[in-house]
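A short reminder: the numbers here are calculations on the coordinates, not readings from a lab. Remember, predicted model here, so these are calculated numbers, not experimental data. Neighbour counts run over all protein chains shown; Cβ positions are idealised from the backbone, glycine included.
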Amino acid sequence: MKSSTHPKGAQATLLIIALALWTNPSHAEDEPPFKQAIKPIAFSFPADHASHAGYQTEWWYFTGNLKDEKGHEFGYQFTIFRRAMAPKDAKERGRKSAWAADDFYLLHLAISDIDGKAHADYESLERGALGIAGATDVSELLKERHDVNLPDHKMIDYPKDKPEPFVRVWTKEAELNRFRNGWQLKASSARIGLDFDLSETSQKLSQIVLHGDRQEIGLSRKGPKPGQASYYYSVPRLETKGTLTLDGAKYQIARGLSWMDHEFGSNQLSPDQAGWEWFSIQLDNGIEIMLYVLRNKDGSIEPSSSGTWIDQQVGRAGYFKVEPAMLKPGRTWKSLQSGAEYPVEWTLKLPKAELHLKTALDDQEFHSKQGAGMNYYEGAIRVEGTFGKQSVKGEGYLEITGKTLGGRM
């Protein structure tokens with residue numbers, strides 16, 4: 001939660017403004033408000049992998065870097081956004097039609113052919129009715145609750161006597177399924193398609209990493225006011241195999257690494273925010289890093305901008321606030337289609353690391369026609385630098401929207 005010439009505000013393939021523009025329903029004065037992300041909640045899994053009715057905006061976001069059997073490199077994005085029509089469901093609102101929807105679902109699908117220097121994207125917008133689109137809701141899984149130990153990010157394993165998916169989210173062209181041992185992604189369109197199996201690989205640290213300050217872990221703040229936040233966690237290291245289709249050619253993916261974000265909330269953004277950058281980084285020394293930078297209209301960084309570093313070797317995750325000197329843009333690339341100019345090289349400085357981030361392919365702009373008609377940048381990146389005294393390399397993903405430091409949108 002999610003035209004780059006339009007100013008807008010913040011995630012991790014957040015695109016909340018696009019979602020907000022799908023619908024602008026009017027509510028009766030006596031109608032209850034949407035639920036807000038105000039304080040930490042006790043996450044439970046597998047239930048919280050599911051949808052969360054009552055919150056206005058939610059998304060399941062997968063990105064990754066892949067190689068086929070011949071070493072051909074690809075990047076991909078698979079995202080399903082949910083946007084609620086109203087706090088009450090259709091029946092409670094007196095809607096009797098079978099077409100009455102509680103939610104709309106937006107699919108964003110993209111493939112970056114790194115070696116072929118090509119990028120293709122696809123989107124569809126569907127209503128959550130008549131089986132066209134939908135999601136398993138958390139309320140359906142509460143009887144299977146398994147509490148998470150929040151300070152240590154640990155969780156109890158899922159029950160083993162359920163062969164069917166725990167969680168399913170789908171649209172007409174795509175679906176994701178959560179099984180006990182991982183995830184399955186399926187999607188198809190005229191130009192691009194994928195069928196992936198994703199396996200969780202973390203050993204010492206739980207596969208699930210909750211973001212936010214240690215005092216309110218799992219609550220990711222996006223602004224200074226109550227409710228300007230989301231509930232946000234990641235599964236940062238997913239081994240990926242399967243098949244990828246691009247312009248009629250099918251590729252067998254031999255190895256790959258994906259990153260999954262799940263986020264939900266309502267009214268996250270401040271009206272002063274005009275854009276953001278989001279980064280996921282997977283280093284070859286077992287370190288992962290997530291950070292997002294929210295940009296205000298005056299060019300300053302929103303103080304709520306933050307990140308999480310994840311150390312698989314020692315089994316720890318830590319929160320940090322993003323300071324202006326930490327992240328500096330370098331070379332930019334200008335889109336011939338939208339006219340937007342995006343920084344495609346960055347330098348990230350953290351207390352233990354200095355990393356140079358570079359997009360694997362310049363043109364990785366997503367062209368959205370249904371999601372409020374906006375464009376944004378979502379692309380595979382390559383990483384080199386130092387961590388401590390050691391040289392490191394890695395991969396990851398970069399998202400840029402709106403007004404960003406060093407780029408003109």
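The table that follows gives values for the structure above.
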{"quantity": "Trypsin sites (Lys or Arg not before Pro) within the stretch 219-307, DSSP loop, no more than 15 other Cβ atoms inside 10 Å", "calculated": "LYS297"}
{"quantity": "Rg and Dmax [Cα atoms of the stretch 238-341; Å; Rg one decimal, Dmax integer]", "calculated": "17.8, 47"}
{"quantity": "Stretch gain in nm, segment LYS250-ARG214, where the contour uses 0.36 nm per residue and the Cα spacing is subtracted", "calculated": "8.5 nm"}
{"quantity": "Karplus 3J(HN,Hα) series, Hz, for the stretch 393-401 with 6.51 cos²θ - 1.76 cosθ + 1.60 (x for Gly, Pro)", "calculated": "10, x, 9, x, 9, 10, 10, 9, 9"}
{"quantity": "Overall Cα dimensions of the stretch 289-358 - principal axes, largest extent first, Å", "calculated": "46, 26, 19"}
{"quantity": "Per-residue ³J(HN,Hα) for the stretch 67-84, Karplus 6.51 cos²θ - 1.76 cosθ + 1.60, θ = phi - 60°, Hz, x for Gly and Pro", "calculated": "9, 8, 5, 9, x, 5, 9, 9, x, 8, 10, 9, 9, 10, 9, 10, 10, 7"}
{"quantity": "q = 0.12, 0.18, 0.19 Å⁻¹: log10 I(q)/I(0) that the Debye formula gives for the stretch 211-290, counting C-alpha atoms only", "calculated": "-0.53, -0.89, -0.93"}
{"quantity": "Isotropic mean projected area of the C-alpha convex hull, the stretch 264-303 (nm²)", "calculated": "3.9"}
{"quantity": "Calculated over the stretch 318-364: convex hull of Cα atoms, volume per residue (Å³)", "calculated": "105"}
{"quantity": "Cα→Cβ-extended label distance, 7 Å offset, between LYS352 and GLU323, nm", "calculated": "1.8"}
{"quantity": "Packing-based order for 65-78, 342-355, using average beta carbon neighbours within 10 Å, highest first", "calculated": "65-78, 342-355"}
